[in-house]
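Working notes, structure below.
The values are calculated or read from the model by the stated rules, or taken from the named source; none is laboratory data. Quick caveat: nothing in here was measured; it's all calculated off a predicted structure. Quick reminder, even Gly has a Cβ in these numbers, built from the backbone with ideal geometry, and neighbours come from all protein chains shown.
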Amino acid sequence: MRTERRTLVGVLGAVLLGLVLAFAAAQGTATVTTYASGLTNPRGLAFGPDGTLYVALAGTGGDTATTDQCAQVVPPIGPYTGGNDAGIASVDKNGSVTMVASGLPSSVNALKDHVGVAAVAFVGDTLYALVAAGGCSHGHADVPAGVVRVGADGSTSLVADLSAFWQANPVAKPNSGDFEPDGTAYSMVAYQGDLYVVEPNHGEVDKVALDGTITRVVDVSAEAGHIVPTSIAVSGDSFLVGNLGVFPIVPKKDGILRVTLDGQISAVAADLTTVLGVVDDGNGTIYVLESSNAEGMPQPGAGDIVRISSSGERTVIASGLTTPTAMVLGPDGALYVSNMGYGAPPQSSEILRIEPPM
């Protein structure tokens with residue numbers, strides 16, 4: 001992602017430190033409640049077969065450096081240093097948080113931006129996690145960025161080495177100013193027994209089969225340049241992919257693409273801002289998570305959720321979110337959002353339950 005975004009993350013962390021942030025009074029008519037709290041850098045969300053919510057946690061990184069071992073992310077973003085405090089938490093229907101897996105790779109860059117476990121997804125009863133902090137350029141020379149299978153006991157095993165795939169298969173138009181050799185994988189969904197991963201820094205969507213085979217679905221950079229595709233959701237027999245865009249933020253410059261299984265791209269919605277989550281409810285309605293709709297740099301309280309009807313009508317159903325990072329539709333029809341997902345003090349982030357208005 002762009003250098004400007006990463007600079008802001010460190011600044012925003014300082015701004016948030018010691019502050020108590022609340023939602024803006026204008027929440028539309030949605031019902032907003034705190035579902036879970038006390039988390040650190042929550043990212044992607046997924047519901048398990050039993051209705052339990054699972055949360056990817058980025059962790060806080062560490063001090064393991066690999067600057068003498070491999071190509072690094074260039075300053076001012078890099079270099080990264082690695083740690084092992086990323087993980088996965090579960091949240092039951094009472095809001096109780098339990099660590100499901102811990103000790104996974106985390107990393108922090110020179111601007112105090114954190115990566116770790118970026119997303120979670122289920123194929124059948126089996127939980128899979130997208131480990132974004134792996135790779136030598138993230139301070140983990142022996143553990144790649146990739147997809148791991150999570151056992152019932154919290155153990156993990158590598159399914160697919162994304163670091164190796166990305167380095168062997170570069171995209172057409174990488175952005176040299178903030179290029180990350182091991183990517184910054186952000187989102188993952190399951191569809192028809194396979195996993196689909198979005199990598200924003202390079203600009204691509206990749207398919208990961210459970211036998212570890214990786215194939216590129218589409219090189220977004222070749223089609224649209226450096227728009228930073230970030231979020232993904234299943235939509236019928238294709239995918240919706242939202243783009244974060246570059247920084248400083250220019251409101252209404254981002255949007256949502258439809259990506260087919262054979263890599264065809266078409267526009268679904270434009271005039272959106274910093275899209276970090278997208279949901280298709282299966283009934284013709286799309287929900288869009290805008291992480292910050294303020295001009296310039298992300299602002300506390302500037303996140304919102306936009307509902308787009310089948311006719312194209314748009315309604316802001318919730319506002320006042322602070323640096324939200326992911327959104328999923330629950331089995332109860334409510335939206336669940338990782339709020340204060342970056343730049344916040346440790347253990348101050350939360351998961352919100354947002355019941356859309358009729």
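Report, by residue number, each residue of region 113-137 that is hydrophobic (A, V, I, L, M, F, W, C) and in contact with a Leu (Cβ under 7 Å, 6 or more places away or on another chain).
Quick first cut of region 113-137, residues hydrophobic (A, V, I, L, M, F, W, C) only: 115, 117-123, 127, 129-133, 136.
Selection gives Val117, Ala118, Ala119, Val120, Ala121, Val123, Val131.
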Asn339: passes all of (1) touching a Ser or Thr at 6+ places or on another chain (Cβ under 8 Å); (2) surrounded by fewer than 16 Cβ atoms within 10 Å (Cβ to Cβ); (3) modelled with pLDDT of 95 or more but (2)
When (1) in contact with a strand residue (DSSP E or B) (Cβ under 6 Å, 6 or more places away or on another chain); (2) surrounded by fewer than 17 Cβ atoms within 10 Å (Cβ to Cβ); (3) over 25 Å from Leu329 (Cα atoms) are applied to Gly82, the one that fails is (2)
A careful count of residues in region 132-151 that are touching a Ser or Thr at 6+ places or on another chain (Cβ under 6 Å), closer than 16 Å to Gln167 by Cα and not in a loop (DSSP other than H, G, I, E, B) gives 3
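In region 109-126, is there at least one residue being without any contact (Cβ under 8 Å) to a residue 12 or more places away in the chain and either within 23 Å of Thr67 (Cβ to Cβ) or more than 20 Å from the chain's Cα centre (by Cα) (or both)? Show your work before the answer.
Here is the first cut: in region 109-126, the ones without any contact (Cβ under 8 Å) to a residue 12 or more places away in the chain are none.
No: region 109-126 contains no residue that is without any contact (Cβ under 8 Å) to a residue 12 or more places away in the chain and either within 23 Å of Thr67 (Cβ to Cβ) or more than 20 Å from the chain's Cα centre (by Cα) (or both).
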Of the residues in region 50-92, those that are within 19 Å of the chain's Cα centre (by Cα) and in a loop (DSSP other than H, G, I, E, B) number 6
Within region 190-218, restricting to residues that are farther than 19 Å from Val131 by Cβ and surrounded by 20 or more Cβ atoms within 10 Å (Cβ to Cβ), the one that is nearest to the chain's Cα centre (by Cα) is Gly203
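Can you pull out the residues in region 37-47 that are small (Gly, Ala, Ser) and under 18 Å from the mean Cα position of the chain (by Cα)?
Taking region 37-47 as the starting set, the residues that turn out to be small (Gly, Ala, Ser) are 37-38, 44, 46.
Of everything in region 37-47, those that are small (Gly, Ala, Ser) and under 18 Å from the mean Cα position of the chain (by Cα) turn out to be Gly44, Ala46.
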When every residue in region 106-157 that is farther than 22 Å from Tyr80 by Cα and hydrophobic (A, V, I, L, M, F, W, C) is compared, the one modelled with the lowest pLDDT is Ala152
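Please go through region 230-247 and give me each residue that is β-branched (Val, Ile, Thr) and within 19 Å of Asp271 (Cα to Cα), ordered by number. Show your work before the answer.
First, the residues of region 230-247 that are β-branched (Val, Ile, Thr): 230, 232, 234, 241, 246.
The answer is Thr230, Ile232, Val241, Val246.
Have a look at Pro331, Pro324, Pro298 and point out the one that is within 28 Å of Thr40 (Cα to Cα) and exposed (fewer than 14 other Cβ atoms within 10 Å of the Cβ). Working first, answer last.
Working: Pro324 fails: exposed (fewer than 14 other Cβ atoms within 10 Å of the Cβ); Pro298 fails: exposed (fewer than 14 other Cβ atoms within 10 Å of the Cβ).
None of the others qualify; the one that does is Pro331.
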The residue that is farthest from Ser90 (Cα to Cα), considering only those in region 109-131 that are touching a Ser or Thr at 6+ places or on another chain (Cβ under 6 Å) and either surrounded by fewer than 24 Cβ atoms within 10 Å (Cβ to Cβ) or of a type in the set (A, V, I, L, M, F, W, C) (or both), is Leu111
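In region 27-49, which residues are under 25 Å from Ala132 (Cα atoms) and assigned to a loop (DSSP other than H, G, I, E, B)?
Result: Thr40, Asn41, Gly48, Pro49.
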Original post:
Do we have any residue at all in region 161-173 that's free of Cβ contacts under 8 Å to residues at least 60 places away in the same chain and assigned to a strand (DSSP E or B)?
Top reply: yes
With criteria (1) surrounded by fewer than 16 Cβ atoms within 10 Å (Cβ to Cβ); (2) in contact with a strand residue (DSSP E or B) (Cβ under 9 Å, 6 or more places away or on another chain), Thr60 comes up short on (1)
Considering only strands (runs of 3 or more DSSP E) wholly within region 196-258, the ones with at least 2 residues that are out of contact with any Leu (no Cβ under 8 Å at 6 or more places or on another chain) and either among the charged types (D, E, K, R) or in contact (Cβ under 8 Å) with a residue 60 or more places away in the chain (or both) are 214-219
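Out of everything in region 264-280 that is in a loop (DSSP other than H, G, I, E, B) and surrounded by 15 or more Cβ atoms within 10 Å (Cβ to Cβ), what residue ends up being farthest from the chain's Cα centre (by Cα)?
So the first thing to find is which residues in region 264-280 are in a loop (DSSP other than H, G, I, E, B), and the list is 264, 273-274.
The next check asks that each one be surrounded by 15 or more Cβ atoms within 10 Å (Cβ to Cβ); those that pass are 273-274.
Working: Thr273: 15, Thr274: 12 Å.
Result: Thr273.
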Selection from region 171-188 of residues among the small types (Gly, Ala, Ser) and under 23 Å from Asn41 (Cβ atoms) yields Gly183, Ala185, Ser187
